[in-house]
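The values are calculated or read from the model by the stated rules, or taken from the named source; none is laboratory data. Please read these numbers as outputs of a predicted model, since none were measured by experiment. Here Cβ is always computed from backbone atoms with ideal geometry, including for glycine, and neighbour counts include all displayed protein chains.
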Number of protein chains: 2
Amino acid sequence: MVLPRAAKTQRRTRIQEEKEEQILEAALEVFATHGFRGSTIDQIAEVAGMSKPNLLYYFRTKEAMHRALIDRVLDSWLDPLREFDAEGNPVAEIRSYIRRKLEMARDFPRESRLFANEVLQSAPHILDELRGPLKTLVDEKVEVIRAWAKAGKIAKCDPYHLIFAIWSTTQHYADFDAQVRAVLGEEHSGEGRFEDAARFLEQLFINGLAVHGPASS
Amino acid sequence: MVLPRAAKTQRRTRIQEEKEEQILEAALEVFATHGFRGSTIDQIAEVAGMSKPNLLYYFRTKEAMHRALIDRVLDSWLDPLREFDAEGNPVAEIRSYIRRKLEMARDFPRESRLFANEVLQSAPHILDELRGPLKTLVDEKVEVIRAWAKAGKIAKCDPYHLIFAIWSTTQHYADFDAQVRAVLGEEHSGEGRFEDAARFLEQLFINGLAVHGPASS
DNA sequence: TGATAATTTGACCGGTTGGTAAAACATTAC
DNA sequence: GTAATGTTTTACCAACCGGTCAAATTATCA
């Protein structure tokens, strides 16, 4: 036999697991930095520390690498939203959703940029995932938020745009890191900026969604 | 003579103006969609409706095209922030800044994506502009916001992160349009989504920045 | 009109890119 | 040990890419 990926549902070798892991790690690095079209197999091979044909032994095409990477990363990327709990306290839920998203931007910026590159270029490879699993999950959480607003626990608002706002503000620190650093200057670009961002965003969203009843006091 | 760009400060031909315009329009389309590395001169030539060597007659390299495009677009891109007026009413100023940014995302999404692509890939071609003119302008407006907060006209907050939040939430609708459409579904993806977004964002930022003094009312 | 300069094109070049073929090498199973 | 299988490498290819060149074409203007 010569093609491991053709193996008929056979269990994979230890070497296969290790190498595929190595390759996907390198692919994440490169795809996140240059986008799909801007990345070359040679680049990925160099980062992975192996030859190009060796890479192509494990993934038959550049697209296969990209696909495998997306499949692996997408699920964990949606986890923070999944944890969004209908039973919890609305304010606390929103606050901790922002926290989790911001932590992901800090700890997994490459994953964020991988998707950002895709979506920015019209999502040619992940449109189905966006229209399917992502939309389904969002629709579900939108209903939760809508119920909270109806019950007067948070201000009435368009839940879709609330979710977009949380996504964009938090992922901004991963996707547009270069701009954030340039504007803040090197002196404020330490890890402390994530704490500052968290404080600001919590203030913004918590106050922004607080119920301002007709009778203040 | 053979190279128009070498013309010693001579006034440009009508044809030169027209063709350079045509080329930059096409370059915007292509660069915004595929990023610098992902774009090819042939692509731009095809969109511009002329041959590749003809393009290279007006811009000697792909980088020169990109640079010319950035120079032309950057200035107008910063206009909304420039209009931010220290003398105005804080709430009204912030509200109309959000409006203007959202209108730009709606009316000039390609310009937004051009920069997004650059910044996402570590801003290799515009880092100087970010660290120079952009930072200077932001620093200036940060002082305005800080003064407003000190005067008790808006809530105390980190002005840098406020600006980041406005940038990210508004540009989201241009840069991640594919995702927004996928999540909203085709039925809510009409132009009306910008009105919904404007309503939500104004509510979020105005309430989020309202002063909640110890004595309300 | 004709001379001159500006513009456009087709043919081409060297380097890169995604991907292949086949043989060399390593590992595992018996 | 050895045969079968799994892995890696060297050499290679055709297509594409950024860019050049010289010739052909068109616009300008005396």
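In segment B:147-158, the condition of being in a loop (DSSP other than H, G, I, E, B), crowded, with 18+ Cβ neighbours inside 10 Å and not aliphatic (A, V, I, L, M) is met by at least one residue. Number of residues in segment B:46-105 that are of a type in the set (Gly, Ala, Ser) and within 16 Å of DNA strand D (Cβ to nearest atom) equals 5. Within segment A:161-185, restricting attention to residues that are out of contact with any His (no Cβ under 7 Å at 6 or more places or on another chain) and of a type in the set (Phe, Trp, Tyr), the residue that is farthest from A:Leu204 (Cα to Cα) is A:Phe176. Exactly one residue out of B:Arg100, B:Arg95, B:Arg82 is in the same structural domain as B:Ala165 (by TED's automatic domain parsing), more than 28 Å from B:Arg131 (Cβ to Cβ) and in contact with a helix residue (DSSP H, G or I) (Cβ under 8 Å, 6 or more places away or on another chain): that is B:Arg95. Suppose we filter segment A:137-185 for residues that are more than 9 Å from every other protein chain (Cβ to nearest Cβ), of a type outside the set (A, V, I, L, M, F, W, C) and under 18 Å from the mean Cα position of the chain (by Cα); how many remain? Looking only at that region, the number is 1. Taking the numbered list (1) at pLDDT 95 or above; (2) over 21 Å from A:Arg82 (Cα atoms); (3) not in a helix (DSSP H, G or I) in turn, A:Tyr173 passes all entries but (3).
Of everything in segment A:35-89 that is outside any loop (DSSP other than H, G, I, E, B) and among the basic types (Lys, Arg), the residue that is surrounded by the most Cβ atoms within 10 Å (Cβ to Cβ) is A:Lys62. Could we say that A:Asn89 is among the polar types (S, T, N, Q), out of contact with any Lys or Arg (no Cβ under 6 Å at 6 or more places or on another chain) and over 26 Å from B:Gly185 (Cβ atoms) here? In short, yes. Screening the candidates A:Ile98, A:Ile94 for the property of being more than 14 Å from the chain's Cα centre (by Cα), in contact (Cβ under 8 Å) with a residue 60 or more places away in the chain and part of a helix (DSSP H, G or I) yields one hit, A:Ile94.
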